[in-house]
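These notes concern the structure reproduced below.
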Amino acid sequence: MKRILFILALALFIVTDGVNAQMTRGQLLRRYYQITQLHSSGKDAEAIAICEEITSMYPKLPDTYLRMAQIYDDGSENELALVMYRTYASLEMDDKKVAEIAPRMKELEQKLGAKSFEQQEEEQFKELIAQTTASASNQPEPEPETSPAFTTSATSLFDLSALIASANTKEPEPEPDPEPEDATENDQDAAPEPEGGQEVSLFDISAVDFSNAGQTAMANVAEPQPEPEPEPEPEITQEIQKEAESIVEKAVATAVKPDCDTPYLFSPHPDVVDGLHLKRDATYNAKVTPKRSFSSKNDLIGKWASSYVSPETGREFIILDIDQMGNTLTAMLNDESGLFLDKKNSMFKTSWNAVKSIWSSDGADFDASELRGNASRGDYSEESFDFTFALKKKDKPNVASIGRDIMDGLSMVIPFGAIASRIGSTLLNYAGRKMSNEKFQTTINFSLKSVTENVLACSYIVSERHTTADGSRDIVVEERNFHLFKVSDNYKPYTYSSNVQENALYRAMYTRLETEAETDPTKLFPLAYMSYYGVGMGKKANETDRLSKSVVQMQKLSETGCLRASAWLIPVYYNLSIDEKHYPMRIQRKKFRELSDHQMSTMLMAYNPYVYGLNGDILASGNSDPEEVAAEYEKGASQGDAYSLYCLGRAYKEGVIKTRDLDQSMECFRKSAEKGYADAYWQIALAYKSGLSVQSDYNQYIHSLFQAIDAGSIEAVDELSVAFFWGIGVDRDVEMAQQVRRSYFYLKNNIWRDVLTLYGFPSV
């Protein structure tokens, strides 16, 4: 456990210093070649320095630690070599590669009298289960020998709170110089508390961010912080309780019996189309009319909102007010822009992350509010309108000094503590050299060009000029291209927020469903979805609680033979098995992989071909041989699985896994659509829009979108907003585009509502 804390402490500093540093694959290979050449020439110190440079950029790349281990090993620095071998083994998920270094690692363990890597991880794993199980039941912690088995405490797999809490067990060291106030404030702001309503994908599982939790815990070693007051739970009145019971009873009365052998969860959304008053028997052939130049400065004067928005909220990232002063055009960032939203509010974290990237490459900070009210004079021509905002910087926190204090505080409790401190100090010194004697100037450059009437193409570039004694160099920190559309002067930006955690009615429904599920396993499916999204669990439920509860509930349902539950669990368990960030213990990730494989076997034994599509996705995410990935999709497609057919069609369209064949792609999408797979209709619509494999036909494009939306495709709703925005098929209507776009965000952030509807629960 303590060894893992060392890695976390190391990662804390490394992420702070080199978060935005990047290398191309070619540059990385050249650096590895230099390491080999330097080591062969006996210049080990220079070789290690390059390794430290790479780990500062890519702290999760296992190969670098292996090279460091081999260099230390050849130099008879056994303790350092063992630390690096173990770091490599904990990061490398390929058992064959780990097996290659296992004999040498065992030799060093025996020579140093250390426990074996496997034994140490097993003990840590049992200790973790024991601690989290004891914590959950508020009972005294059991002895390690009596730790519950994995099969009886699956929830413990998800909980690393015991590991994080242990970083706080050491008494705080006296600090000669308190930590700068700005640095502490920034640390807290960088890790906002997750809130309800955010987008979560089954193939992008995100448990609680233990890296940030680890940073907070380690910062507390130097200076304990008071715990925030817990927010009160929503009050469940008798009236709300009765309404919740009524909803559940109505659902029971509908006698809905979901087909557990059909894993797809599409729910029809015909009201989205019906609300637009579009006629299904009409003909839609409108076309885009380009406007490539400005006729005068009047074309630019007014308020413009960006098409680039937060996926969680729908809030526009940039809103510009363009005006004319004399003969000069000026631009001002409107206060309603997502750029100015409170960064502590995680509902807007996507917008704010774009802003954070401006300072994160150098560790400095700036106050976005300084941009308020500042007008920028621009350069106007018939082709473009260009302007720039300069940003003031606050002083940088002395990250190297803070990191060194943390490392010194941890060195007494970490195995090989002196060695760990030595390695950490080397990296900290490397960062300190990088951070000194360097000045920064950050600018945001905008370039606007005409596309159609009242639509602009916006090129947005954040760049930094680094000035040192050796000269200046410019670095592009971020570059985005999006569109701006003209809105009325009284335009109010849209913000989506469900506030489901504050809704006492859903809390009452959740409590009722928990009771019902004890005797009726079918209630576990909607209950698990509510858990997964934190609906009705109350404000105290963190991401770990949500994920662990939902998985345990879905696991119980799968044990009754529900293949829909098994299909849900396969990608969830697999993504947990590759999540080194939140689960640094290799043995823990392997347990998740075993669970994923078990659920896959369950579906194979039930002859459900959907499993081939899922396995193909898993193989593709792991950069497996394209032929192997295609073979899985083809197995499912040959047995008529709609999802496998869809994936195979996508493979033919993209030309990466299969040789590009647009005719074959369209054939697969048609077969998948015939079997009711909603997104297949969406892909058919895109083909008619672009004229790929079929003749371009805007009428077929719009009608295929109707079919996709009726079948339950959320992505087709988004595409319909694009059609209105540009006037493709339908008459151009920017306000209607925004209305449909907001429907898209509502649907995407409320997938759990679809599941409740699927199980007979009326919409609240």
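For the range 522-531, indicate whether the set of residues that are more than 27 Å from the chain's Cα centre (by Cα) and surrounded by fewer than 23 Cβ atoms within 10 Å (Cβ to Cβ) is non-empty. Write out each step before concluding.
Filtering the range 522-531 for residues more than 27 Å from the chain's Cα centre (by Cα) gives 522-523.
Retained after the next criterion (residues that are surrounded by fewer than 23 Cβ atoms within 10 Å (Cβ to Cβ)): 522-523.
Yes, the range 522-531 has at least one match.
Has the range 636-644 got at least one residue that is closer than 29 Å to Ala89 by Cα and of a type in the set (Phe, Trp, Tyr)?
no
Restricting attention to the range 681-714 and to residues that are assigned to a helix (DSSP H, G or I) and charged (D, E, K, R), the residue that is nearest to Asn749 (Cα to Cα) turns out to be Asp710.
Scanning the range 616-633 for residues that are surrounded by fewer than 17 Cβ atoms within 10 Å (Cβ to Cβ) and either in contact (Cβ under 8 Å) with a residue 60 or more places away in the chain or within 26 Å of the chain's Cα centre (by Cα) (or both) yields a count of 6. How about the range 541-558: which of its residues are surrounded by fewer than 20 Cβ atoms within 10 Å (Cβ to Cβ) and among the aliphatic types (A, V, I, L, M)? Across the range 541-558, the qualifying residues are Ala541, Val552. Of the residues making up the range 443-476, just one is over 30 Å from Ala723 (Cα atoms), small (Gly, Ala, Ser) and surrounded by 16 or more Cβ atoms within 10 Å (Cβ to Cβ), namely Ser463.
Find the strands (runs of 3 or more DSSP E) located wholly in the range 267-362 whose residues include 1 or more that are over 28 Å from the mean Cα position of the chain (by Cα), at pLDDT 80 or above and among the aromatic types (Phe, Trp, Tyr), and list them. Walk me through how you get there before you give the answer.
Working: elements: 302-306, 319-325, 328-333.
Output list reads 302-306.
Taken over the range 691-705, residues that are closer than 19 Å to Glu453 by Cβ and either basic (Lys, Arg) or surrounded by 24 or more Cβ atoms within 10 Å (Cβ to Cβ) (or both) amount to 0.
Applying the condition of being within 27 Å of the chain's Cα centre (by Cα) and surrounded by fewer than 21 Cβ atoms within 10 Å (Cβ to Cβ) to the range 639-663 and asking which residue is nearest to Lys675 (Cα to Cα) yields Arg650.
Would you check if Ser763 is modelled with pLDDT under 95, out of contact with any helix residue (DSSP H, G or I) (no Cβ under 6 Å at 6 or more places or on another chain) and of a type in the set (Gly, Ala, Ser)? Explain how you work it out, then say what you get.
On the way: modelled with pLDDT under 95: yes; out of contact with any helix residue (DSSP H, G or I) (no Cβ under 6 Å at 6 or more places or on another chain): yes; of a type in the set (Gly, Ala, Ser): yes.
For Ser763, the condition - modelled with pLDDT under 95, out of contact with any helix residue (DSSP H, G or I) (no Cβ under 6 Å at 6 or more places or on another chain) and of a type in the set (Gly, Ala, Ser) - is met.
Looking only at the range 703-724, decide whether some residue is over 30 Å from the mean Cα position of the chain (by Cα) and either aliphatic (A, V, I, L, M) or modelled with pLDDT under 90 (or both). Checked the range 703-724: no residue is over 30 Å from the mean Cα position of the chain (by Cα) and either aliphatic (A, V, I, L, M) or modelled with pLDDT under 90 (or both). A single member of Lys748, Lys671 is farther than 28 Å from Leu484 by Cβ and touching a helix residue (DSSP H, G or I) at 6+ places or on another chain (Cβ under 6 Å), and it is Lys671.
Being surrounded by fewer than 15 Cβ atoms within 10 Å (Cβ to Cβ), at pLDDT 85 or above, in contact with a Phe, Trp or Tyr (Cβ under 7 Å, 6 or more places away or on another chain) and more than 30 Å from Tyr532 (Cβ to Cβ), is that true of even one residue in the range 481-504?
Scanning the range 481-504, I find no residue that is surrounded by fewer than 15 Cβ atoms within 10 Å (Cβ to Cβ), at pLDDT 85 or above, in contact with a Phe, Trp or Tyr (Cβ under 7 Å, 6 or more places away or on another chain) and more than 30 Å from Tyr532 (Cβ to Cβ), so the answer is no.
Only one of Tyr65, Tyr72 is in contact with a helix residue (DSSP H, G or I) (Cβ under 6 Å, 6 or more places away or on another chain), of a type in the set (Phe, Trp, Tyr), more than 23 Å from Gln588 (Cβ to Cβ) and at pLDDT 90 or above. Can you tell me which?
Just one listed residue meets the conditions, Tyr72.
Filtering the range 681-701 for residues that are under 30 Å from Ala251 (Cα atoms) and modelled with pLDDT under 95 leaves an empty set. No other residue among Gly636, Gly536, Gly613 is assigned to a loop (DSSP other than H, G, I, E, B) and buried (at least 23 other Cβ atoms within 10 Å of the Cβ) apart from Gly536.
Does Glu52 satisfy the condition of being in contact with a Leu (Cβ under 7 Å, 6 or more places away or on another chain) and surrounded by fewer than 16 Cβ atoms within 10 Å (Cβ to Cβ)? So Glu52 fails the test. With respect to Ala708, determine if the residue is of a type outside the set (Lys, Arg) and within 27 Å of Asn454 (Cβ to Cβ). The answer is no for Ala708.
Annotation note: Cβ proximity below 7 Å between a residue of the range 556-581 that is assigned to a loop (DSSP other than H, G, I, E, B) and a residue that is of a type in the set (S, T, N, Q) (sequence gap 6+ or interchain) occurs for Lys581/Ser211.
Among the residues of the range 636-661, those that are farther than 13 Å from Gly613 by Cα and basic (Lys, Arg) comprise Lys653, Lys658, Arg660.
The values are calculated or read from the model by the stated rules, or taken from the named source; none is laboratory data. The structure displayed is predicted, hence computed values, not measured ones. As a convention, Cβ positions derive from the backbone with ideal geometry for all residues, glycine included, and neighbour counts pool all protein chains shown.
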